[in-house]
Amino acid sequence: MAELNELSEKIAKIKQEVQNELEKLENSKSVYEYKKVILDGKTGKIGSLMKEMGKIPNEQKADYGKKVNELKTWAQSYFEELDAKFKQEEMRRRYESEKIDVTMPAKKHEHGNLHPVTQVRNQLTDIFASMGFEIYEGTEIETDYYNFTALNTPQDHPARDMQDTFYLSPEYLLRTQTSAGQIHVMEAKKPPIKVVSPGKVFRSDDDATHSPMFTQMEGLVVDKGITLCDLKGMLDEFVKKIFGKETKTRLRPSYFPFTEPSVEVDVSCFQCGGCGCKLCKGTGWIEVLGAGVVNNKVLEGCGVDTNEYSGFAFGIGLERIAMLKYGINNIKLLFESDLRVLKQIDD
Ligand code: DAH
């Protein structure tokens, strides 16, 4: 009997201790920790009461076990109740802190776009690539020979005055035209040749429509039986793709030393359809590029047999195309990197 009395005392003590202790706990984690101290099968205070069963006389074992089990059930429900209370509170706090206001305006992600000249360059490259042109990128520093002499513009030729050149030395210069690429291509490759060559060019020229650095795309086709008609046919296709299906071309006689005949190419005004507006200055036509049949002197200088081959060439100013397409009236707007301007142009 002594053991059972002793047990009752121990039980009362444990109950008291649990009640005291649980009042101090503040969250479900500490409930979990303390639960181990009390209920763990091996080391817990209640668990270890069970281990003493061996010392209890046989006739008291049943009572002893029953009392310990009652204590265990009491403690378990006590812990569970407290645990549920804390968990509910913790969940409420978590919901509170993670609350999302679905009516809040979304964060705006700024996205960049390509520079208008790069957009035009990409569009032209795609169009010419679809027509079977290869791309050749030359160098910005050229020799006088490639930029002028080989293009039938020797020293003292009056056509040199057409382009105000930045010389780096008597021999080297910043290329004034991507036409220099024609010579490199013909030196490196036998006909048939079909290339476009985009890149920066430089001239000492500066006003609302000219900048000391600008971008051109050169085209060169050399093959058997090439005539001005092939140039016209190709240009007709090209302008429809870049300015719209209704666009027509018109060739006007011009002069370039490296082409004979040379032409200036106009397109029917894509804004007024040819009736005359501000963009086409009332003429219905807009000048877009220079072109011509490659001068035999240029072909021969590159070792091309002119009895067998002929060619056409053209040169397009990309800033000019960008200005026409996007309604920009001052070339400086393309170089000032003003986001208010650039953001409006995303083709
Ligand atoms: N290189 C000339 C310029 O910069 C443009 C040009 C005209 C290129 C006629 C050509 C061409 O290939 O055939 O003004």
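Would you confirm, using the coordinates I've provided, whether GLY47 is outside any helix (DSSP H, G or I) and under 21 Å from LYS15 (Cα atoms)? No; evaluated as a whole, the condition is false for this residue. Cβ-Cβ contacts under 9 Å between residues 6 or more apart (or on different chains), taken from a first residue in the stretch 82-101 that is within 21 Å of SER30 (Cβ to Cβ) to a second residue that is of a type outside the set (A, V, I, L, M) and open to solvent by 100 Å² or more (accessible area, probe 1.4 Å), are listed as ASP83/TYR32; PHE86/GLU26; PHE86/LYS29. The single condition from (1) of a type outside the set (S, T, N, Q); (2) without any contact (Cβ under 8 Å) to a residue 24 or more places away in the chain; (3) away from the ligand (no atom under 16 Å from the Cβ); (4) buried (at least 19 other Cβ atoms within 10 Å of the Cβ) that PHE243 fails is (2). When GLU260 is tested against (1) under 20 Å from ALA180 (Cα atoms); (2) open to solvent by less than 50 Å² (accessible area, probe 1.4 Å), just one condition goes unmet, and that condition is (2).
Can you tell me which residue within the stretch 144-155, out of those that are farther than 22 Å from SER211 by Cα, polar (S, T, N, Q) and out of contact with any Phe, Trp or Tyr (no Cβ under 6 Å at 6 or more places or on another chain), is farthest from the ligand (Cβ to nearest atom)?
The initial filter retains those residues of the stretch 144-155 that are farther than 22 Å from SER211 by Cα, namely 145-146, 149-155.
From what's left, polar (S, T, N, Q): 149, 152-153, 155.
If we keep only those that are out of contact with any Phe, Trp or Tyr (no Cβ under 6 Å at 6 or more places or on another chain) too, we end up with 149, 153, 155.
Details: THR149: 14, THR153: 10, GLN155: 18 Å.
Ranking the candidates gives GLN155 first.
Being buried (at least 18 other Cβ atoms within 10 Å of the Cβ), of a type outside the set (D, E, K, R) and modelled with pLDDT under 95, is that true of even one residue in the stretch 136-149? Yes. Restricted to the stretch 198-238, and to residues there that are part of a strand (DSSP E or B) and under 23 Å from ASP305 (Cα atoms), the residue that is farthest from the ligand (Cβ to nearest atom) is LYS224.
Given the options LYS99, LYS13, LYS42, name the one that is among the basic types (Lys, Arg) and assigned to a helix (DSSP H, G or I). Give the steps one after another, and end with the answer.
Details: LYS99 fails: assigned to a helix (DSSP H, G or I); LYS42 fails: assigned to a helix (DSSP H, G or I).
The match here is LYS13.
The number of residues in the stretch 135-158 being over 25 Å from VAL195 (Cα atoms) and not polar (S, T, N, Q) comes to 3.
In this structure, does GLU319 turn out to be within 16 Å of the ligand (Cβ to nearest atom), charged (D, E, K, R) and either open to solvent by less than 30 Å² (accessible area, probe 1.4 Å) or not in a helix (DSSP H, G or I) (or both)? Even if it seems obvious, please write down each step before you answer.
On the way: within 16 Å of the ligand (Cβ to nearest atom): yes; charged (D, E, K, R): yes; either open to solvent by less than 30 Å² (accessible area, probe 1.4 Å) or not in a helix (DSSP H, G or I) (or both): yes.
Yes.
Take the residues of the stretch 124-139 that are in a loop (DSSP other than H, G, I, E, B) and within 14 Å of the ligand (Cβ to nearest atom): which is farthest from ASP206 (Cα to Cα)? Filtering the stretch 124-139 for residues that are in a loop (DSSP other than H, G, I, E, B) and within 14 Å of the ligand (Cβ to nearest atom), the one farthest from ASP206 (Cα to Cα) comes out as PHE133.
When every residue of the stretch 326-346 is checked against the conditions, none turns out to be at pLDDT 90 or above, of a type outside the set (A, V, I, L, M) and open to solvent by less than 20 Å² (accessible area, probe 1.4 Å).
Which one of these is closer than 21 Å to GLU3 by Cβ and open to solvent by less than 30 Å² (accessible area, probe 1.4 Å): VAL68, VAL18? Please lay out each step first, then the result.
On the way: VAL18 fails: closer than 21 Å to GLU3 by Cβ.
After applying the criteria, what remains is VAL68.
Here CYS275 meets the list (1) assigned to a strand (DSSP E or B); (2) over 20 Å from SER179 (Cβ atoms) almost entirely, failing just condition (1).
Tally up the residues in the stretch 25-39 that are part of a helix (DSSP H, G or I) and either β-branched (Val, Ile, Thr) or within 16 Å of GLU81 (Cβ to Cβ) (or both), please. Of the residues in that region, 9 qualify. For the stretch 156-171, the condition holds for at least one residue, the condition being that it is assigned to a helix (DSSP H, G or I), touching a residue at least 12 places away in the same chain (Cβ under 8 Å) and either within 14 Å of the ligand (Cβ to nearest atom) or open to solvent by less than 70 Å² (accessible area, probe 1.4 Å) (or both).
When each of GLU142, GLU218 is tested for being within 27 Å of PRO116 (Cα to Cα) and in contact with a Leu (Cβ under 8 Å, 6 or more places away or on another chain), the lone residue that passes is GLU142. Taken together, the criteria place THR227 among residues that are at pLDDT 95 or above, out of contact with any Gly (no Cβ under 7 Å at 6 or more places or on another chain) and over 16 Å from LEU174 (Cβ atoms).
One residue stands out among those in the stretch 263-311 that are over 14 Å from LEU251 (Cα atoms) and within 12 Å of the ligand (Cβ to nearest atom): the one that is surrounded by the fewest Cβ atoms within 10 Å (Cβ to Cβ), which is ASN295.
The values are calculated or read from the model by the stated rules, or taken from the named source; none is laboratory data. What you are looking at is a predicted structure, and each value in this text was computed from that prediction instead of being measured. Backbone-built Cβ (ideal geometry, glycine too); neighbour counts: all protein chains shown. What goes into the accessible areas is simple: the full protein's heavy atoms, side chains included, and nothing from ligands, DNA or RNA. Shrake-Rupley method; radii C 1.70, N 1.55, O 1.52, S 1.80 Å.
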